[in-house]
1. Counting other Cβ atoms within 10 Å, keep those with at most 15, restrict to DSSP loop, and tell me which trypsin sites (Lys or Arg not before Pro) in segment 57-115 are left.
2. Report relative contact order for the chain in percent, whole number only (criteria: Cα-Cα under 8 Å, sequence separation at least 6).
3. R71's amide H: which non-local residues (gap 5+, or another chain) put their own amide H closer than 5 Å, with H modeled 1.01 Å from N in plane and none for Pro or chain starts?
4. Give me the percent of the accessible area of segment 58-115 that comes from carbon and sulfur atoms, probe 1.4 Å, all protein chains in place.
5. How big is the chain in terms of Cα radius of gyration and Dmax, in angstroms?
6. At 0.36 nm per residue, minus the direct Cα-Cα distance, what do S84 and K64 gain on full extension? Give it in nm, one decimal, please.
7. How compact and how long is segment 1-60, expressed as Rg and Dmax of its alpha-carbon atoms in Å?
8. What does the charge count around V63 come to, taking other residues whose C-beta lies under 11 Å from its C-beta (Lys +1, Arg +1, Asp -1, Glu -1)?
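The values are calculated or read from the model by the stated rules, or taken from the named source; none is laboratory data. Fair warning: this is a prediction, and the values are worked out from it, not measured in the lab. Neighbour counts are summed over all protein chains in view; Cβ atoms, including those assigned to glycine, are modelled from backbone coordinates with ideal geometry. Calculation scope for accessible area: heavy atoms of the full protein, side chains included, ligands and nucleic acids excluded. Shrake-Rupley method; radii C 1.70, N 1.55, O 1.52, S 1.80 Å.
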Amino acid sequence: QVQLVESGGGLVQPGGSLRLSCAAPGSIFSRNRMGWFRQAPGKQRELVATFTSAGSTNYADPVKGRFTISRDNAKNTIYLQMNSLKPEDTAIYYCWVYYGGTNYWGQGTQVTVSS
């Protein structure tokens, strides 16, 4: 079982910033696809930003230029820096890793963008 531990969600005003963190086991951290998805109320879970197994990045169109995914290999942690947040970014954000043919998810962290 792969345990992903997320942190960093909260309430922020439009135009503000948040940074999400996700700690993963060191045994899988550097060799697998990892990233962030989100699910808004009444909508399907959708990709936000991911690392491929080769280490390149992939972003959903709505967040390009505003969100940045990064990683700290020494801490086995990935981050999602979210800038210029909009109300439509409100969702539960999930950390994700694809390992051994299985998708693993974190518990989710709520991000609410509202004035």
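1. K64, R66
2. Averaging sequence separation for qualifying contacts and normalising by length gives 37 percent for the chain.
3. Y79
4. 45 percent
5. 13.3, 42
6. Using 0.36 nm per residue and subtracting the Cα-Cα distance, I get 6.1 nm.
7. 13.4, 38
8. For residues surrounding V63, the net value is 0.
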